[in-house]
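To start, the structure under review is shown below, and the notes come after it.
The values are calculated or read from the model by the stated rules, or taken from the named source; none is laboratory data. Note that the structure is predicted; figures quoted are calculated from it, not measured. Every residue, glycine as well, gets a Cβ built from its backbone with ideal geometry; the counts of neighbours run over all protein chains shown.
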């Protein structure tokens with residue numbers, strides 16, 4: 001099995017033209033490369049019928065992210081997920097389910113263990129959390145199809161922002177955004193984040209508003225603290241120079257442009273696509289990507 005060989009495989013790769021492609025749309029015999037480190041790969045079908053990209057014999061990954069991703073036999077996909085329902089599920093507080101009785105628990109365990117000795121070589125399951133998406137964020141490109149949708153229907157990153165915002169309709173609606181912490185806004189119990197692509201001139205701001213002051217302070221402290229700056233004044237000191245996050249919202253609201261002009265410190269807003277805001281509802285809605293990954 002591939003995982004015994006130490007190369008569990010990837011679900012995404014880059015073709016000869018530099019275009020992202022999913023394993024389900026790859027062509028046998030074509031050459032592909034790892035989207036992170038460029039390691040040479042090829043498409044193959046596992047013994048259980050799943051299509052994945054595997055390293056060419058003798059080829060090695062050189063980046064910690066793809067090495068870590070490849071070492072896991074559990075992969076996740078947006079296939080069979082509806083964007084709005086999936087994101088709404090992350091944003092809504094769902095009542096806890098009743099604990100099953102002992103007989104139900106025994107039945108459930110029996111079902112899980114009943115595999116007839118056929119261990120799968122790689123397990124592919126739908127995404128269910130932002131943490132899972134964060135672990136595979138470098139392998140997600142907006143143009144790649146996933147079932148009846150493309151990845152930008154679920155998550156927006158700096159890779160796909162340029163194409164998305166070139167369209168006339170910039171309504172994010174229900175979307176997960178991959179952005180970077182900027183600063184707290186204590187007056188409004190809000191946290192500010194940025195999404196940008198220097199090479200493509202894209203800049204977008206996101207604002208996450210907390211209705212509860214205590215919860216706002218709790219999350220603000222995850223990003224840093226107030227203290228004495230080098231110039232002797234008091235200010236907010238970030239824990240990490242760069243802190244990327246994933247934020248899910250089922251209804252991103254585009255703020256009035258005039259508000260941006262009155263409250264933004266950028267010299268000009270010609271390359272800015274404005275600010276979107278979301279209301280914090282529960283911890284599943286935001287995930288801090290490990291800064292030392």
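Which of the residues spanning the range 42-61 are touching a residue at least 12 places away in the same chain (Cβ under 8 Å) and in a loop (DSSP other than H, G, I, E, B)?
Matches in the range 42-61: 46, 47, 48, 50, 56, 59, 60, 61.
Give the range 218-246 a look and list any residue that's farther than 21 Å from residue 130 by Cα and under 24 Å from the mean Cα position of the chain (by Cα), or say none. Full working, then the answer.
First pass over the range 218-246, keeping only residues farther than 21 Å from residue 130 by Cα: 224-239, 241.
Across the range 218-246, the qualifying residues are 224, 238, 239, 241.
Of all the residues that make up the range 100-130, how many are touching a helix residue (DSSP H, G or I) at 6+ places or on another chain (Cβ under 8 Å) and at pLDDT below 70?
1
Can we say residue 21 is outside the structural domain of residue 160 (by TED's automatic domain parsing), surrounded by fewer than 20 Cβ atoms within 10 Å (Cβ to Cβ) and under 15 Å from residue 137 (Cα atoms)? It would help to see each step written out before you state the result.
Values: outside the structural domain of residue 160 (by TED's automatic domain parsing): yes; surrounded by fewer than 20 Cβ atoms within 10 Å (Cβ to Cβ): no; under 15 Å from residue 137 (Cα atoms): yes.
No; evaluated as a whole, the condition is false for this residue.
What single numbered condition from (1) over 21 Å from residue 148 (Cα atoms); (2) exposed (fewer than 13 other Cβ atoms within 10 Å of the Cβ); (3) modelled with pLDDT of 90 or more fails to hold for residue 85?
In the conditions (1) over 21 Å from residue 148 (Cα atoms); (2) exposed (fewer than 13 other Cβ atoms within 10 Å of the Cβ); (3) modelled with pLDDT of 90 or more, residue 85 misses (1) alone.
So, residue 249, is that one surrounded by 15 or more Cβ atoms within 10 Å (Cβ to Cβ) and modelled with pLDDT under 90 or not?
So residue 249 fails the test.
Residue check: is residue 202 surrounded by fewer than 17 Cβ atoms within 10 Å (Cβ to Cβ) and assigned by TED's automatic domain parsing to the domain that holds residue 278?
Numbers: surrounded by fewer than 17 Cβ atoms within 10 Å (Cβ to Cβ): no; assigned by TED's automatic domain parsing to the domain that holds residue 278: yes.
Taking the combined requirement at face value, the residue does not satisfy it.
Checking residue 166 against (1) surrounded by fewer than 15 Cβ atoms within 10 Å (Cβ to Cβ); (2) touching a helix residue (DSSP H, G or I) at 6+ places or on another chain (Cβ under 9 Å): exactly one of these is not met. Which one?
For residue 166, the failing item is (2).
Within the range 12-41, restricting attention to residues that are assigned to a strand (DSSP E or B) and in contact (Cβ under 8 Å) with a residue 60 or more places away in the chain, which residue is farthest from residue 79 (Cα to Cα)?
So in the range 12-41, the residues assigned to a strand (DSSP E or B) come out as 12-14, 20-22, 32-33, 40-41.
Narrowing the set further to residues that are in contact (Cβ under 8 Å) with a residue 60 or more places away in the chain leaves 12, 20-22.
On the way: 12: 13, 20: 16, 21: 14, 22: 11 Å.
Per the stated criteria, the residue is 20.
Going residue by residue through the range 36-44, is there one that turns out to be surrounded by fewer than 21 Cβ atoms within 10 Å (Cβ to Cβ), at pLDDT below 90 and over 22 Å from residue 132 (Cβ atoms)?
yes
Could you list, in sequence order, all residues of the range 120-161 that are over 10 Å from the mean Cα position of the chain (by Cα), surrounded by fewer than 18 Cβ atoms within 10 Å (Cβ to Cβ) and under 25 Å from residue 92 (Cα atoms)?
Across the range 120-161, the qualifying residues are 125, 126, 128, 147, 148, 149, 150.
A quick yes/no check of all residues on (1) within 29 Å of residue 241 (Cα to Cα); (2) modelled with pLDDT of 90 or more; (3) touching a helix residue (DSSP H, G or I) at 6+ places or on another chain (Cβ under 7 Å):
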| site | (1), (2), (3) |
| --- | --- |
| 132 | yes, yes, no |
| 138 | yes, no, yes |
| 143 | no, no, no |
| 152 | yes, yes, yes |
| 160 | yes, no, yes |
| 171 | no, no, no |
| 185 | yes, yes, no |
| 188 | yes, yes, no |
